[in-house]
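Reading through the structure tokens given below for one structure.
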Amino acid sequence: MNSTAAVLDRVASDLDLVLGADALSTLTDSERLSVLNAAGEVLRRVEAVVVETVATSDPADAPNSAGCRSMNELLQRTLRVDSRTAAQMAKAGRLTHRDTDLTSGESLPAKWPALRQALLDGDIGVTGLLAATGPIEAAGDRISAADRWKADALLADVARGYAMSDDDGVGQDAAPAPTPEDLKALAHEIAVRLDPDGAEPIEERAMRKRYLTVGRMRDGVYPMRGNLLPETYAQLQLLLDAQLNPKTEGPPVPEGVAFRPSAGETDAVEDEFNSDPRSVLDTRTRGQKQHDALAAALGIAARHSEMPSLGGAAPTLVVHIDFDDDSWARIPGVDGPVSGAVARHTGCTGALQRVFTEKGRIVGMTITDRIFDVYQRRAITLRDKECLIPGCHVPASWCEIHHVIEHARGGPTSTDNGVPLCWWHHRSLDHSGWEIRMNDGLPEIRGPSWWDPLQRWRVPRLSLPQFAFT
């Protein structure tokens, strides 16, 4: 009997011999490396057998004939894996599936033919296949089939360990086989080139998904869950790195916190532009507001004089923008690119250094010396008191100072060009409908049509000295 199942049975029997001899415990380090390399070859081929079996089966009939409701359940029962692993196998099967030509009956090429062949040859596993295809699949129809096939060929060659040449072609020089994370990073690079307009949709989806929640106390601690935006995660990681720097004494031991009522609190002065009876000025959920509060706190902490330094300076968030395409930006430590709007927003906070490159060469960079200093921040805080957007009462001391005329466009770092904006309104200023200008050193604002149908420039909030006291 020489069926496919019988061949696999013999492979399983051979592996039983390896495991039953207790020889693995006596291996030297070099022998263990050889065993792990050989096991990797076997593992990738076993995965290829599973994926090809799934890819060549009917996704409905195969589970039904086995008494299972889905391919996921069938794989869970036959492979004895969890739902997530079964889902990965099923997805890989869909990516490598080949339709049949109705006229000739021949098999048509798979959606990813080169990567499929690399999988069958044992050069890539399931995680590598999903990592290589994921960023490009996310772009959907915005990337043409022809461009996807070019990306497929390039990624397959890299997965096989072929080195890329300097002119972005593909050479045949041997190179270390990449990890799935390496393939994912390269796929992100390709997706950015093929889908330069994809930053904004990703940015919009990310903004909707961000949140931060703190649960009820359990065993003396509060659980926290959430989705952080890339720049928020990167800033948090920088602060953690600074606190955990072995050159410092480490983060301080948490002490008790005492809450005391503020003295001399007065009710806010109401005016026609600050009031918001429809409650439409801020549509964020509680989880989103908590995320934004964390983001603002991280920015403040990064600028604090007591924050331990990294590399001789305060933890500085470096944003990398390509000179030829500023629609995308990169933040060290963040998987994949982020929208260029992130760099434009973060550029006002003072916790940023922007590096511009062209074909790999550094052609320009900004420095953090242009931030508003402590005296300018105090003066702006005294003048404007709160976030400039009407209806938002975040204290100016907690706000970021925004360049009304962007620094990159020649805007000076002066009190006549700086206004306080909370993290959220600063982050959303480009697409929120709010506009800001300076008139003889005083800020004026023009809101969206739902807020002001007349679309007039207005003083953000009334100032008490303008009125005569009775």
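Nothing in this text is a laboratory measurement; each read-out follows from the coordinates by a stated rule. These numbers come from a predicted model, not from an experiment. FYI the Cβ positions are ideal-geometry reconstructions off the backbone, even for glycines, and counts take in every protein chain you see.
Per residue, the convex hull spanned by the Cα atoms of the range 1-159 measures out at 165 cubic angstrom. A quarter of the convex hull surface defined by the alpha-carbon atoms of the range 374-466 gives 6.4 nm² as the mean projection.
A cut-off of 5 Å between modelled amide H atoms, ignoring neighbours fewer than 5 places along the same chain, links Met365 with Phe356.
Using 1/(1 + (r/R0)^6) with R0 = 25 angstrom and r between the beta carbons of Ala38 and Lys150, what's the FRET efficiency to the nearest 0.05? Mind showing how you got there, number by number?
Working: r = 34 Å, r/R0 = 1.34.
Working from the Cβ atoms, E equals 0.15.
Exceeding 19 Å between C-alpha atoms, which entries from my cross-link table qualify? They are Lys184/Lys209; Lys289/Lys385; Lys91/Lys184; Lys111/Lys359; Lys150/Lys184. It would help to have the intermediate numbers written out before the result.
Values: Lys184/Lys209 22 Å; Lys289/Lys385 21 Å; Lys91/Lys184 16 Å; Lys111/Lys359 31 Å; Lys150/Lys184 16 Å.
Among Lys184/Lys209; Lys289/Lys385; Lys91/Lys184; Lys111/Lys359; Lys150/Lys184, the Cα-Cα distance tops 19 Å for Lys184/Lys209; Lys289/Lys385; Lys111/Lys359.
The string of couplings for the range 19-25 from the Karplus curve (6.51, -1.76, 1.60, θ = phi - 60°) is 6, x, 7, 6, 7, 5, 6 Hz, one whole number per residue in order, with x for Gly and Pro.
Counting every other Cβ atom within 10 Å of each residue's Cβ, Glu47, Glu52 order from fewest to most as Glu52, Glu47. Model label points for Asp82 and Asp22, set 7 angstrom from Cα along the Cα-to-Cβ axis, are 3.3 nm apart. The string of couplings for the range 95-112 from the Karplus curve (6.51, -1.76, 1.60, θ = phi - 60°) is 5, 9, 5, 10, 6, 10, 5, 5, 7, 8, x, 7, 6, 7, x, 6, 4, 10 Hz, one whole number per residue in order, with x for Gly and Pro. Counted residue by residue at 0.36 nm each, then reduced by the alpha carbon distance between them, the extension gain from Arg69 to Met217 reaches 49.3 nm. The modelled label-to-label distance for the pair Asp29/Trp450, using points 7 Å beyond Cα in the direction of Cβ, is 6.4 nm.
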